[in-house]
Amino acid sequence: MALLQIAEPGLSAAPHQHRLAVGIDLGTTNSLVATVRSGATTVLADEFGRSLLPSVVRYQDGGQVTVGYDAQREQNHDPHNTITSVKRFMGRGLSDIKDAGSLPYRFVDAPGMVQLHTVAGVKSPVEVSADILRTLAQRAAATLGGELTGAVITVPAYFDDAQRQATKDAARLAGLTVLRLLNEPTAAAIAYGLDNGAEGTYVVYDLGGGTFDISILKLTRGVFEVLSTSGDSALGGDDFDHRVYCWILEQADLHGLSAQDTRLLLTRAREAKEALTEHSDTRITAILSDGNAVDLTLDQDTFRQITKTLVDKTLLPVRKALRDADISAGDVKGVVMVGGATRMPHIQKAVADFFGQPPLTNLDPDKVVALGAAIQANVLAGNKGEDEWLLLDVIPLSLGIETMGGLTEKIIPRNSTIPVARAQEFTTFKDGQTAMSIHVLQGERELVADCRSLAQFVLRGIPPMVAGAARIRITFQVDADGLLAVSAREMTSGVEASIEVKPSYGLSDDAISQMLSDSLAHVQDDIEARKLREAIVDADSLRDATLAALRIDGDLLTAEETSAIQLVLQQLEQAIASQTTLQVNQATHRLNKATEDFAARRMDRNIQRALKGQKISEL
Amino acid sequence: MTTEFSQDFFQLFGLSRRFALDSQQLEQSWRAAAAAVHPDRYASSPDAEKRMALMQATHVNEAYQTLKSPLRRGRYLLSLQGVDTQEETNTSMPLDFLMAQMEWRESIEEARDSSDVDALEALSSRLRSDKRALEAELGNALDSTADLDAAAVMVRKLRFLEKLDQEIGDAIETLLG
């Protein structure tokens, strides 16, 4: 409704109460939740005043789940059941996890996504992430004193469709309404850009615990346009810890460590890395389970040497992103550093050398993503901010399908502004062919085997014709979350065969519902009450929106059309009064149907107004 | 269904239907239109409006991408005038153009085989200047002489050059890592 308030200043929509919306940075190492309160964006702390929530979940016999610092404290002596850095497993199969052998988990090679065997049963990364999100949502609800309208969850810009879908599923499983999945560097750019009134071309260099993103944005008068993005979804601070860990093994001549010792030394490695940000050397000590002691000193120079290849590895995506944006390093006005790992002095130096200017480090690299997400959540929830701004993001990896000979044909190139759709026509190979197999892929490589397989489906019901006569049109639609939907239909015949597919890693709505009702936190009555509450919230907001639309753009409807909509509105009121979930949902659905045409007309008017405003401003 | 979808992309952005265009004006119009229909603006709106916003935003982005790229703009202008550029089916090209193509391919292969990123970058910038010259010719054929057949040939040539540029880009990326 925000837009219409601009169009017609005299006729504002009914004032509504401030809706509680949060931004969540679901990080590899730490997670945060932030919100906009009385115009100020703040990170919400726990009862001890701590902003960060370590992304660590411990499962105990009997079903008890511990999240955060308490879980982190137990990780050294309960490594199998204490899951850290679960983000690295989201939407990934076992074969994708290169260092699975050196991790202290009992992996289960499930189809689609790897799972983890714990004392409380087999857990999927989606469930583990949901436990982290639930903790943050509870923190927010307790601090803000009310139920959340929705959340913006951040994901690495370089996350592919499977990883995005898994993140969205985790949020749904945690009972959150996802207002948007937002790319982490873009979130940082919003927080930085709005705060500093930045204009021009900016680079966001985001090295998190387990992922690396680079995004190039053009900031012009409140529009954040992502020009290109690149990265490595399996490169982060954890890899630096791992290098130090390997160095310890080599120096102390250790072999065949137990899971406990592995976890202990990984923790010591992380502490050493952090200490080297401030000090020129650090001592690493540990007593292993066999009684042997480790006592080593690691200095800056050695640390730099053993991690140099990792630092260099981040500069390749930087080059690619610059190429895709068609700019050179000299065109960049500022480089914003995001992610705890960018505190390492040699990372800052490498970035400074590459861009010929010191990076911008005047914001907290741990918090900036959550803050940006909160700002976006506030706008999406319908709490209009003072400034009008808009975000135009891109898809990070090309989408395509398999063609003859195991080759990929790109349908949507990477770095296309989203939402985007592209349709492509295909034909049959044999006479009388009635089915066609379609394999959807994501990635830049030519061979199918080198790309990520997103979905495979069979289109049936093609009318039998001679080879090459059928025309099958496949449409790829990527929405504003960067998520893909594919549909296909046969064009020549009257018969229409169409199918909607979800990526193979995505959970179906049924699976989510099942997991929700399985979870111990919800008793059946709670679920029913919650469903009704949600239905009424949806119905209320639809009614308010429709009434406001009628007030502002009612002139687009004939008297008959208006009374038809009003009739359905009355039915909706009655349904709400009935306090029956099914009736409320049905009435909401009817009102949605009844206002479809009206919505289309209003949208046209909006475009025309926008372009008219444009021309006036040029004069 | 709606007026927006029946308009051509030029009308949508209030531009005249010709190859030569003010890219800044195009960009500004796109931003204004994209701002009006972006799904973020409708996050708390009814489902019907959300769906509509997704469709409209997709349409506006498609229009912008089509007009922004000289190759796609040329192809689109021809299609508006009923000319199919036959890029997939018509492979008959002038002999000198084909010879030049072979030379380009050899140079790219040579640079790739000797892992010479600088040489590839140099080839890329030379190719881009060739592309710009051809785009200017295409503009002339479409806007001034209205020689649609010649324009269709130029679109096919541009498509070749674009593929070459992509090959160079892929080679550079492979060499970088």
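So what is the calculated 222 nm ellipticity per residue for the protein assembly as shown, using -39500 (n - 2.57) for each DSSP H run with n of 4 or more, over all residues, to the nearest 500 deg cm²/dmol?
So the calculated ellipticity at 222 nm is -15500 deg cm²/dmol.
Measure of size requested: the Rg and Dmax of the stretch B:95-176, with Cα atoms as the atom set and Å as the unit; please supply both.
Reported Rg and Dmax, both Å: 14.4, 45.
Rounded to the nearest 0.05, what FRET efficiency do A:LEU288 and A:ALA142 give with R0 = 41 Å and r taken as the Cβ-Cβ distance? Could you check?
That gives a FRET efficiency of 0.50.
Could you calculate the contour length gain from A:ASP326 to A:LYS313, that is, 0.36 nm times the residue separation minus the distance between their Cα atoms, to one decimal place in nm?
2.6 nm
Based on C-alpha coordinates, I'd like the Rg and Dmax of the stretch A:51-170, in Å.
Here Rg and the maximum Cα pair distance are 14.6, 45 Å.
Once both axes come from the Cα atoms, what is the angle between helix A:345-355 and the longest principal axis of chain A, in degrees from 0 to 90, rounded to 10?
50 degrees
Please list, or write none, the aspartates and glutamates whose alpha carbon is within less than 15 Å of the alpha carbon of A:LYS308, excluding same-chain residues fewer than 8 places away.
A:ASP238, A:ASP239, A:ASP241, A:ASP299, A:ASP353
Let me check something: with ligands and nucleic acids excluded, how do A:HIS117, A:HIS77 order by accessible area (1.4 Å probe), largest to smallest?
A:HIS77, A:HIS117
What translational diffusion coefficient, to the nearest whole µm²/s, does the stretch A:303-356 have by Stokes-Einstein, given a Kirkwood radius computed over alpha-carbon pairs, a temperature of 20 °C and 1.002 mPa s viscosity?
179 µm²/s
How high is the FRET efficiency between B:GLN7 and A:ASP61 when r is their beta carbon distance and R₀ equals 56 Å, given to the nearest 0.05?
0.30
Rank these residues by their accessible area, most exposed first, probe 1.4 Å: B:SER23, A:SER233.
Sorted descending by solvent-accessible area, the residues read B:SER23, A:SER233.
Would you mind telling me the share, in percent, of accessible area of the protein assembly as shown contributed by carbon and sulfur at probe 1.4 angstrom?
Percent of accessible area from carbon and sulfur atoms in the protein assembly as shown: 49.
Would you please calculate the Kirkwood hydrodynamic radius of the stretch A:351-455 over all C-alpha pairs and express it in Å, rounded to one decimal?
About 18.1 Å for the stretch A:351-455.
Search the structure for amide H atoms under 5 Å from the amide H of A:GLY150, placed 1.01 Å from N in the peptide plane, and list their residues when 5 or more places away or on another chain.
Answer set, sorted by chain and number: A:VAL22.
Along the three principal axes, how long is the protein assembly as shown when you take its alpha carbons, biggest first, rounded to the nearest angstrom?
Per principal axis, max minus min of the Cα coordinates gives 87, 76, 61 Å.
For A:HIS255, tell me the accessible area in Å² from a 1.4 Å probe, rounded to the nearest 10.
140 Å²
Helix A:161-173 sits at what angle to the longest principal axis of chain A, using alpha carbons and giving 0 to 90 degrees rounded to 10?
Helix A:161-173 and the main axis of chain A meet at about 80 degrees.
Check cross-link reach from A:LYS168 to the lysines: straight Cα distance under 22 Å, and skip same-chain residues fewer than eight apart.
Within reach: A:LYS87, A:LYS123, A:LYS367, A:LYS502, A:LYS531, B:LYS50.
Determine, at each q value in 0.15, 0.27 (inverse angstroms), the log₁₀ of I(q)/I(0) that the Debye formula gives when each Cα of the stretch A:237-306 is one equal point scatterer.
These q points yield log10 I(q)/I(0) values of -0.42, -1.34.
Report ³J(HN,Hα) in whole Hz for each residue of the stretch A:46-61, in order, from the Karplus equation J = 6.51 cos²θ - 1.76 cosθ + 1.60 where θ = phi - 60°; Gly and Pro get x.
For the stretch A:46-61, the Karplus curve yields 7, 5, 9, x, 8, 7, 7, 10, x, 7, 10, 10, 10, 9, 10, 4 Hz.
Using only the Cα atoms of the stretch A:126-166, construct the convex hull and provide its projected area averaged over every direction, in square nanometres to one decimal.
Projected over every direction and averaged, the Cα hull of the stretch A:126-166 covers 3.4 nm².
Ranked by accessible surface with a 1.4 Å probe, highest first, in what order do A:MET337, B:MET102 come?
Descending order: B:MET102, A:MET337.
Would you tell me the accessible area of A:PHE48, worked out with a 1.4 angstrom probe on the heavy atoms of the protein chains, in Å² to the nearest 10?
140 Å²
Straight-line reach from A:LYS218: which aspartates and glutamates have a Cα under 14 Å away, not including same-chain ones fewer than 8 places off?
Within reach: A:GLU199, A:ASP324, A:ASP326, A:ASP331, A:ASP393, B:GLU27.
Hey, what's the per residue convex hull volume over the C-alpha atoms of the stretch B:3-68, in cubic angstrom?
Measuring per residue, one finds 72 Å³ for the Cα hull of the stretch B:3-68.
How many nm separate the modelled label positions at B:SER23 and A:LEU547, each set 7 Å beyond the Cα in the direction of the Cβ?
5.0 nm
Taking trypsin sites (Lys or Arg not before Pro) as candidate sites, keep only those in a DSSP loop with at most 15 other Cβ atoms within 10 Å, then name the longest stretch of chain B containing none of them.
After excluding every exposed loop site, the longest remaining stretch is B:19-177.
Enter the angle in degrees (range 0 to 90, nearest 10) between the Cα long axis of helix A:184-196 and the first principal axis of the Cα atoms of chain A, meaning the one along which they spread out most.
Compared with the principal axis, the helix lies near 80 degrees.
At a probe size of 1.4 Å, how large is the accessible area of A:VAL332, to the nearest 10 Å²?
For A:VAL332, solvent-accessible area is about 10 Å².
Using the C-alpha atoms of chain B, what convex hull volume per residue, in cubic angstrom, is computed?
157 Å³
Where Rh denotes the Kirkwood radius from the mean inverse Cα pair distance, what is Rg over Rh for the stretch A:271-419?
1.09
Percent relative contact order of chain A, based on C-alpha pairs within less than 8 angstrom and at least six residues apart?
Worked out over chain A, it gives 13 percent.
The values are calculated or read from the model by the stated rules, or taken from the named source; none is laboratory data. Keep in mind that what you see is a predicted model, and the values were worked out from it rather than measured. So basically every Cβ, Gly included, is an ideal-geometry build from the backbone, and we count neighbours across all protein chains shown. Accessible surface areas use protein heavy atoms only, side chains included; no ligands, DNA or RNA. Shrake-Rupley method; radii C 1.70, N 1.55, O 1.52, S 1.80 Å.
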